[in-house]
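Here is the structure we will look at, set down as structure tokens.
The values are calculated or read from the model by the stated rules, or taken from the named source; none is laboratory data. Just so we're clear, the structure is a prediction, and the values are computed from it rather than from any experiment. With ideal geometry, Cβ positions are generated from the backbone for all residues, glycine too; neighbour counts draw on all protein chains shown. With ligands, DNA and RNA removed, areas are computed over all heavy atoms of the protein, side chains included. Shrake-Rupley method; radii C 1.70, N 1.55, O 1.52, S 1.80 Å.
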Amino acid sequence: MQKIGIFLGCNIPFNRPDIEYSMRFLLKELGVEIVELEGATCCPAYGTMPSLGLLEWAVASAWNLSIAEEKGVDMLTGCGSCYGVQNEANYYLKKHPEIKEQVDKILAKVGRKYDGTVKVWNVINFIYEKIGLDTLKQKIKYNLNGLKCAVQTGCHNLWPSKAFPSGEDNTFFPKRLREICEIMGGVAPHYSTITDCCGMGALRSNAPEKSLALFKKKLDVIKEELDPDLAVIGCSSCLLQFDAGQALLIEQKKLNYKIPALHLAQLTAIALGAEVEKATAMASIPLNGVITKIKGGN
Amino acid sequence: MEEGGVNVIDLTQGDESFVKELIALGADELRECIQCGKCGATCPMALAGLEFFIKRIVHAANLGLRDILLEDSSVWGCQSCNRCVEICPMDIKPYEVIQAVRRAAVKVEACPANTYEGLRNLYRFGHAVFPKGFEERRKKVGLPEKPPTALSFDEFRKKYQELLRQTILEEIAPFPLD
Amino acid sequence: MAWEPRLIVIACHWCTYAGADLAGSLRYSYPPTVHIVRVPCSGRVEPEFIAEALIRGADGVFIGGCHFGDCHYKEGNYKAIRRFNLFKRVATELGVEPDRIQLEWISGSEGKKFAESMTAFDAKIRELGPNPLKGGAQ
Amino acid sequence: MCTEICPARVPNEYNFGLDQRRAAYIEYPQAVPKKAVIDEPNCLYFKSIKKTGKPACEICKKGIPPKGIQGCPADAIKFDDKDEYMNIRVGAVIIATGFKPMPKHYFKEYSPHSPDVITSMEFERILSATGPTGGELKRPSDGTKPKTIAMISCVGSRDERYHPYCSKVCCMYMLKHARILKEKYPDIKLYLFFIDVRTAGKDFEEFYVYTRELGAKIIRGGRVSSVDVKPNGKLRVRGFDVDLCSPVELEADLVVLATAIEPPDGVEELGSMFTATCGREGFLREVHTKLYPVETQARGVFIAGCVQGPKDIPESIAQARAAASATAALVIPGKIKFEAIISEVDRDKCSSCGVCVPLCPYTAIRIVEYKGKEKAYIEPALCAGCGVCASACPSRAITFHGFTTDQIMAQIEALTEA
């Protein structure tokens, strides 16, 4: 039986526990044993320790990585930033022995150590590489019935690809998330702004108007080129923008259409038979149409 | 910009020691930038219309224009999307330049207040993002009130705080570390 | 009279010797303790040259060649560094500190580097003091 | 005749696979000699002989008489002809293999999977009267005439990940393409994205200004960040315009990438065959940038053109003529002088250990018979005078004239005298 350490981060457990529920559900259904990473913390987010120094970044990430290493498991994240930050930290630790040495000293002071053996996965790559599209296809209970999906992989899941152990063949033309949606019976065409930033993150915290304007530009292209039933998101931060951010735009009367949005973990969990109320508990944009289409088809 | 609209940057303000500081803070390939502009059209900060975005930041950093970089809070709007790192032909890792400027800014407390908020949360709870009312949300989906992170384990949280106190946070945090 | 070091610099014709020449034309000064022997290529340097210089009381021997990939004879500098590393091990047996011999790549355009390297080498040898072999091998 | 009736179709290498040629073909319209050849692996005659032992097609030779199609009227098709290797003894060699343009697949941010993203070399063929479209401007994807074209410079050049050097000719040929287009189709919207416009050369700046006058739009400081394919087949180009101080974007029908000039495949192996070395970028290296620009480390081996580094046509011609002169100066007198500063073996001292043989970077040392024994011999015409062999000879049998061991030792002695 496959085992994986579930790394929650911050947004998932506190803002969107419905994603946490979905991740736990889908891992169970796919026959993966969940190992709790007790004592794990924030990845840490790019604007915190990484903005203080490279050592600060490496130390704080090594804390989390060491917990997974102690349990002998790899790590699965639902958040792109957690994926990016910790993979980059892993990469730096390999590339800069002098920083690794300092990190080792600091970790030792709090009774921990990290040898660099942990691999960090995101939901997309985990399903794609560790589960496999065929297995997923066999296990789903509800087919997506031609549901038209606009996918958003998320910047931190794509770049810097050099620091990531695996990923897309062409990070400017991502296909994995599209293939996952399609194997479940959806339609997920490419669109021209597929790799554009959604605007969530530091921009949203420091210049919210500009962030939402950037997001709207992307949404407009999605609407014009695809007019999808659903946006399928590979990163919890992007999901916050696609869901709550979109609701905000609608509230401000800056948007006159709605595109419901789900995290890949939520969509997969629903297809595997999760309780819809729990799996979509925090969604701001109503998902009724999407759910009917999925459930109605069986 | 001066009152009345005069907008001339005095290049001799450029301070080479600031360039060296940034290089030491992680922007190690900074000087190799040839200003080809490739990052300029891909940077979310540029597309969203921030005054200072990656291409200009790298150039200003190379000129050593400390005041301009530290007075403008644009660097704190960087999404860390790393697309610039992916496409930079000179491999200067432009995002590392942003991080270096942030690191220099933190040292002189030239950063937005919410930076400290994140750091404080990280230190206190182990989580930089720590919104209120999460217990209710978690209950709604049938999960325990607290996730099994450092938040649930005091001994881990204490150790984590001890870990953070070994870093520069000890020197720069404007909040008590106890 | 106070002790002044005597430094033998074996310089390759195409790079280090040209670098020394440039240092001269650019008026960079370097210590008068430096005495240059010109060879066509650092690959021409026989270990015996270094040994002889040390046995005869030279306080330091410096070999200058071209940067890797720049050798006028394609790969002479690779041969030089292999011989040099071997000889460094022999130096101790000979009774001298291995620090008295040094190998560096200085190109024809690096007049400044030549002067700086010479100054640094001179300082290093001054710190080490006179060659223990002075006055003949023991 | 044969090049029109041969039934086998093969992607045309000369047009970068944009169209097809036959298995009997003339390599390109200006080929010298302009003679047809048979491409054996793709010829149906040879394919069928290999499979069944019987020829299935001899159309080029015999034609198709029932249809009134005549075979080769000169009866010049010889299926039993074979490729031959010839040995020629020469006194000097000029290496002039030219260059290779980088293919587009490396540049993932520029949507290389789109047929409407092409390299400048491909575009050059499309513009050519003898090209795949007969000189008509057509998009590869649907054959329509593009209304908006974006050209991108420095693709793979000035790029640490591929080639740090400037490919030198792209700025000018982009302007040339722009000029051809604008003169022929004034209505086309044309955007040229440059980092800098490098027009050093006689009359080049004037050419640049003239191209601007024709209405080509120049965007500077603007290496393009991304080319994305829209569902309607158009290409969205995003770049930065340093003069507008703003990100810019446009929708193009065709995107042309000025990809870097690369050393041709196998040039390193070719060089080492002649003991000529390659520089860091993979081009063959001259002895001295300024003073010996066509000579290589190997005596009698000269270089000309892009095998030495990116250069344009006038420069290539100048270098080719220089190489020809240098070759003539070496070969025509019928005898050569060699340097005085070279090594020589005292064969009576030589112990035949062979240490020197692999050390010589010029393969000048051979073991030959002397007084009934195998001894080292240094070919004076090949020796370049580095002295590596003399330093290594355990028997001190090699004298390096001009820098003998005795001479150097004497210097050391003089310099170490108290």
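So in the range B:112-149, with the set limited to residues that are under 13 Å from the mean Cα position of the chain (by Cα) and surrounded by fewer than 21 Cβ atoms within 10 Å (Cβ to Cβ), which one is farthest from A:S205 (Cα to Cα)? Even if it seems obvious, please write down each step before you answer.
Start the filter on the range B:112-149 by keeping residues that are under 13 Å from the mean Cα position of the chain (by Cα), which leaves B:112-116, B:118-119.
After this cut, where a residue has to be surrounded by fewer than 21 Cβ atoms within 10 Å (Cβ to Cβ) as well, the list is B:112-114, B:116.
Values: B:P112: 10, B:A113: 11, B:N114: 8, B:Y116: 13 Å.
Only one residue fits best here, namely B:Y116.
Identify all residues within the range B:44-82 that are more than 12 Å from every other protein chain (Cβ to nearest Cβ) and over 23 Å from A:A163 (Cβ atoms); write none if there are none.
B:A60, B:N62, B:L63, B:G64, B:L65, B:R66, B:D67, B:I68, B:L69, B:L70, B:E71 - these are the residues of the range B:44-82 that are more than 12 Å from every other protein chain (Cβ to nearest Cβ) and over 23 Å from A:A163 (Cβ atoms).
So which residues in the range D:39-52 are under 32 Å from the mean Cα position of the chain (by Cα) and open to solvent by less than 60 Å² (accessible area, probe 1.4 Å)?
Initially, the range D:39-52 is screened for residues under 32 Å from the mean Cα position of the chain (by Cα), giving D:39-44, D:46-47.
If the condition is that a residue be under 32 Å from the mean Cα position of the chain (by Cα) and open to solvent by less than 60 Å² (accessible area, probe 1.4 Å), then D:D39, D:N42, D:C43, D:F46 are the ones that fit.
Only one of (1) surrounded by fewer than 17 Cβ atoms within 10 Å (Cβ to Cβ); (2) within 14 Å of chain B (Cβ to nearest Cβ); (3) of a type in the set (A, V, I, L, M, F, W, C); (4) in contact (Cβ under 8 Å) with a residue 24 or more places away in the chain fails for A:I106. Which number is that?
Only one criterion is unmet by A:I106, namely (1).
Here are some residues: D:P29, D:P33, D:P55, D:P65. Which one is touching a residue at least 40 places away in the same chain (Cβ under 8 Å) and either open to solvent by 70 Å² or more (accessible area, probe 1.4 Å) or not assigned by TED's automatic domain parsing to the domain that holds D:G143 (or both)? Spell out the reasoning first.
Values: D:P33 fails: touching a residue at least 40 places away in the same chain (Cβ under 8 Å); D:P55 fails: touching a residue at least 40 places away in the same chain (Cβ under 8 Å); D:P65 fails: touching a residue at least 40 places away in the same chain (Cβ under 8 Å).
Criteria check complete, one pass: D:P29.
Considering only residues that are surrounded by 19 or more Cβ atoms within 10 Å (Cβ to Cβ) and more than 14 Å from every other protein chain (Cβ to nearest Cβ), look in the range A:78-99 and name the one that is nearest to A:A279 (Cα to Cα). Give the steps one after another, and end with the answer.
Start the filter on the range A:78-99 by keeping residues that are surrounded by 19 or more Cβ atoms within 10 Å (Cβ to Cβ), which leaves A:78-90, A:92-93, A:99.
Those still in the list that are more than 14 Å from every other protein chain (Cβ to nearest Cβ) too: A:90, A:93.
Numbers: A:N90: 32, A:L93: 37 Å.
Among those residues, the one meeting the criterion is A:N90.
Are there any strands (runs of 3 or more DSSP E) wholly within the range D:222-278 with 3 or more residues that are more than 14 Å from chain B (Cβ to nearest Cβ), and if so which? It would help to see each step written out before you state the result.
On the way: elements: D:226-229, D:235-241, D:246-252, D:254-259.
Result: D:254-259.
Inside the range D:115-166, can you point out the residues that are among the acidic types (D, E) and either surrounded by fewer than 21 Cβ atoms within 10 Å (Cβ to Cβ) or within 21 Å of D:Y185 (Cβ to Cβ) (or both)? So that I can check it myself, show each step before the final result.
First, the residues of the range D:115-166 that are among the acidic types (D, E): D:116, D:122, D:124, D:136, D:142, D:159-160.
Residues satisfying the conditions are D:D116, D:E122, D:E124, D:E136, D:D142, D:E160.
In the range B:83-95, which residues are more than 9 Å from chain A (Cβ to nearest Cβ) and open to solvent by less than 10 Å² (accessible area, probe 1.4 Å)? Step through it out loud before you land on a result.
From the range B:83-95, those more than 9 Å from chain A (Cβ to nearest Cβ) are B:88-92, B:94; that's our starting set.
Once the filter is applied, which keeps residues that are more than 9 Å from chain A (Cβ to nearest Cβ) and open to solvent by less than 10 Å² (accessible area, probe 1.4 Å), the range B:83-95 yields B:P89, B:I92, B:P94.
Of all the helices (runs of 4 or more DSSP H) wholly in the range B:1-107, which have at least 2 residues that are in contact with a Cys (Cβ under 8 Å, 6 or more places away or on another chain)? Let's see the steps before the verdict.
On the way: elements: B:16-24, B:44-48, B:54-63, B:66-71, B:83-87, B:94-107.
Correct list: B:44-48, B:54-63, B:83-87, B:94-107.
Considering every residue within the range A:184-192, establish whether at least one is under 20 Å from B:N82 (Cβ atoms), at pLDDT 95 or above and buried (at least 22 other Cβ atoms within 10 Å of the Cβ).
Taking the range A:184-192 first, the residues under 20 Å from B:N82 (Cβ atoms) are none.
Within the range A:184-192, none of the residues are under 20 Å from B:N82 (Cβ atoms), at pLDDT 95 or above and buried (at least 22 other Cβ atoms within 10 Å of the Cβ).
What number of residues in the range D:279-302 are within 14 Å of chain C (Cβ to nearest Cβ), at pLDDT 90 or above and open to solvent by less than 40 Å² (accessible area, probe 1.4 Å)?
Adding up the residues that qualify gives 6.
Can you run down the residue pairs with Cβ atoms below 7 Å, 6 or more apart or on separate chains, where the first is in the range C:13-33 and open to solvent by 90 Å² or more (accessible area, probe 1.4 Å) and the partner is of a type in the set (A, V, I, L, M, F, W, C) and part of a helix (DSSP H, G or I)?
As it stands, the answer is C:S29/C:A115, since those pairs meet every condition given.
Residue pairs, Cβ under 9 Å, 6 or more apart or interchain, first in the range B:6-23 and over 30 Å from A:L54 (Cα atoms) and of a type outside the set (F, W, Y), second open to solvent by 100 Å² or more (accessible area, probe 1.4 Å) and at pLDDT below 95. List them.
Going by the 9 Å Cβ cut-off, the qualifying pairs are B:N7/B:M1; B:V8/B:E2.
Tally up the residues in the range A:174-212 that are within 23 Å of B:V129 (Cβ to Cβ) and small (G, A, S), please. I'd like the intermediate steps shown before the answer.
As a first pass, look at the range A:174-212 and keep what is within 23 Å of B:V129 (Cβ to Cβ): A:197-212.
Within this subset, residues satisfying the condition of being small (G, A, S) are A:199, A:201-202, A:205, A:207, A:211.
Qualifying residue count, the range A:174-212: 6.
Take the residues in the range A:118-170 that are open to solvent by 60 Å² or more (accessible area, probe 1.4 Å) and assigned to a loop (DSSP other than H, G, I, E, B), then tell me which one is nearest to A:C82 (Cα to Cα). Steps first, answer last, please.
Kept after step one, since they are open to solvent by 60 Å² or more (accessible area, probe 1.4 Å), are these residues of the range A:118-170: A:119, A:128-130, A:134, A:137-139, A:141, A:143, A:148, A:162, A:165, A:169.
Imposing the further condition that a residue be assigned to a loop (DSSP other than H, G, I, E, B) reduces the set to A:119, A:141, A:143, A:165, A:169.
Values: A:K119: 12, A:K141: 30, A:N143: 30, A:P165: 15, A:D169: 21 Å.
Out of the qualifying residues, it is A:K119.
Quick test for you: out of D:P41, D:P73, pick the one residue that is more than 25 Å from D:S128 (Cβ to Cβ), touching a residue at least 24 places away in the same chain (Cβ under 8 Å) and not small (G, A, S).
Values: D:P41 fails: touching a residue at least 24 places away in the same chain (Cβ under 8 Å).
So the residue among D:P41, D:P73 that is more than 25 Å from D:S128 (Cβ to Cβ), touching a residue at least 24 places away in the same chain (Cβ under 8 Å) and not small (G, A, S) is D:P73.
May I ask you to list the residues in the range C:47-71 that are closer than 30 Å to D:F274 by Cα and open to solvent by 40 Å² or more (accessible area, probe 1.4 Å)? Walk me through it before giving the result.
Step one: of the range C:47-71, the residues closer than 30 Å to D:F274 by Cα are C:64-71.
Listed by number, the residues that qualify are C:H67, C:F68, C:D70.
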